[in-house]
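Step one of this worksheet: look at the structure below.
The values are calculated or read from the model by the stated rules, or taken from the named source; none is laboratory data. Note that the coordinates shown come from a computational prediction; the quantities given were computed from them, not determined experimentally. Cβ placement follows ideal geometry from the backbone for every residue including glycine, while neighbour counts extend to all protein chains displayed.
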Amino acid sequence: MLLDKRVKRKVRGTSSTKGRITMKRLALVLALTLSIALVSAFALNAEAPSPSNDDGPQLNGTTLTRPANYREWIFLSAGLGMSYSPAAADTAPPFDNVFVNPSAYRQFLKTGTWPDRTVLVLELRSSQDRGSINQSGHFQTTRRGMEVHVKDARLPGGWAFFQFPEGHDTAVPLSGKAGATCLACHTDHGAVDQTFVQFYPTLIDVARARGTYKPN
């Protein structure tokens, strides 16, 4: 009987020891698994490209690829029937929507100026006055084209204008009389650098606070 009790105590002690060893091993495995997961996540974040580094102009020489995801960028303003020269009233005035790449926008908020690799997109859309339940005013319909204003040190003069008719995915800078006219107008009338910030209400106060706003 005494031997049986000793054997039983030994068996219980062995089982308890094995249990503690098993729990320690399990805790060690879990700790190692968690450590590997954390290291992997850190590595993926470190390798992932930052949006601020890849939203600039996609240039091949001076040929620009049309920004594919510009409607996910920062919306600056919209206009209806705007013209920089006297013109007869249009019964179906076009809308224009302005977007800018996020990295340039964030830099503008800090400095009041546009950094290198700024991309400003002017989207042109037709308008309609009657449709569905609308009985007055105008709403936007189909896209008519796109104009892009780029600041990039790789371009002659640092700035260039591009036009993208519907169906075109690449464009070269405007040149000749058209390019000279755009450059002169933006240089003479742009409120900040060569851009019409005077039409972007959320940026006017920013530029004024940074001392970069040129009153008309």
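What's the number of the only condition in (1) buried (at least 17 other Cβ atoms within 10 Å of the Cβ); (2) at pLDDT 95 or above that PRO115 fails to meet? All conditions pass for PRO115, except number (1).
Based on this model, can you work out whether ALA92 counts as exposed (fewer than 13 other Cβ atoms within 10 Å of the Cβ), of a type outside the set (D, E, K, R), farther than 18 Å from GLY56 by Cβ and without any contact (Cβ under 8 Å) to a residue 60 or more places away in the chain? In short, yes.
Any residue at all in segment 143-160 that is assigned to a strand (DSSP E or B), out of contact with any Pro (no Cβ under 9 Å at 6 or more places or on another chain), within 17 Å of GLN194 (Cα to Cα) and acidic (Asp, Glu)? Yes: one or more hits. The residues in segment 159-195 that are of a type in the set (Asp, Glu) and under 21 Å from THR63 (Cβ atoms) can be counted, and the count is 2. Being touching a Lys or Arg at 6+ places or on another chain (Cβ under 8 Å) and acidic (Asp, Glu): is that true of ASP116 here? Taking the combined requirement at face value, the residue satisfies it. Within segment 113-129, the set of residues being in a strand (DSSP E or B) and of a type in the set (S, T, N, Q) comprises THR118, SER126, SER127, GLN128.
To keep it simple, each residue is scored yes or no on (1) outside the structural domain of PRO93 (by TED's automatic domain parsing); (2) surrounded by fewer than 17 Cβ atoms within 10 Å (Cβ to Cβ); (3) in contact with a Phe, Trp or Tyr (Cβ under 9 Å, 6 or more places away or on another chain).
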position: GLY137; (1), (2), (3): no, yes, no
position: THR141; (1), (2), (3): no, yes, yes
position: GLY145; (1), (2), (3): no, yes, yes
position: VAL150; (1), (2), (3): no, no, yes
position: ALA153; (1), (2), (3): no, yes, no
position: GLY157; (1), (2), (3): no, yes, no
position: PHE162; (1), (2), (3): no, no, no
position: PRO165; (1), (2), (3): no, yes, no
position: ASP169; (1), (2), (3): no, yes, no
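Of everything listed in (1) in contact with a Pro (Cβ under 9 Å, 6 or more places away or on another chain); (2) over 20 Å from PHE199 (Cβ atoms), the single unmet condition for LEU80 is (2). Against the definition (part of a loop (DSSP other than H, G, I, E, B), over 19 Å from GLN128 (Cα atoms) and either in the same structural domain as SER136 (by TED's automatic domain parsing) or at pLDDT 95 or above (or both)), how does THR91 come out, yes or no? Against the criterion (part of a loop (DSSP other than H, G, I, E, B), over 19 Å from GLN128 (Cα atoms) and either in the same structural domain as SER136 (by TED's automatic domain parsing) or at pLDDT 95 or above (or both)), THR91 does not qualify.
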